[in-house]
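The values are calculated or read from the model by the stated rules, or taken from the named source; none is laboratory data. These numbers were taken from a predicted model, which means no experiment stands behind them. All Cβ positions, even for glycine, are placed from backbone atoms using ideal geometry, and neighbour counts span all protein chains on display.
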Amino acid sequence: MASKKTAVELIALQCSECKRRNYTTSKNRRNIQEKLEFKKYCPFDRKHTPHKESKIK
């Protein structure tokens, strides 16, 4: 049985300073084609930093 490809994709948000993946979320590939970027709290840097979308391994 083949797996079905869905429009919703699980992604990780990676800190731009320490390069650690701190958050996971989902996005709809049909509505949002570009990479997501949010300003989130990084517990390792102890400050708010930009977090960019990366793939979950």
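Values as computed for the structure displayed
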{"item": "Of all residues making up region 23-37, the number that are touching a residue at least 24 places away in the same chain (Cβ under 8 Å) and touching a Lys or Arg at 6+ places or on another chain (Cβ under 7 Å)", "result": "2"}
{"item": "Meets criteria (assigned to a strand (DSSP E or B), touching a Ser or Thr at 6+ places or on another chain (Cβ under 8 Å) and at pLDDT 95 or above) for THR25", "result": "no"}
{"item": "ILE56 being part of a loop (DSSP other than H, G, I, E, B), exposed (fewer than 13 other Cβ atoms within 10 Å of the Cβ), under 9 Å from the mean Cα position of the chain (by Cα) and hydrophobic (A, V, I, L, M, F, W, C)", "result": "yes"}
{"item": "Long-range neighbours under 6 Å by Cβ, at least six apart or interchain, first residue hydroxyl-bearing (Ser, Thr, Tyr) within region 43-57, second assigned to a strand (DSSP E or B)", "result": "THR49/CYS15; THR49/CYS42; SER54/ALA12; SER54/GLN14"}
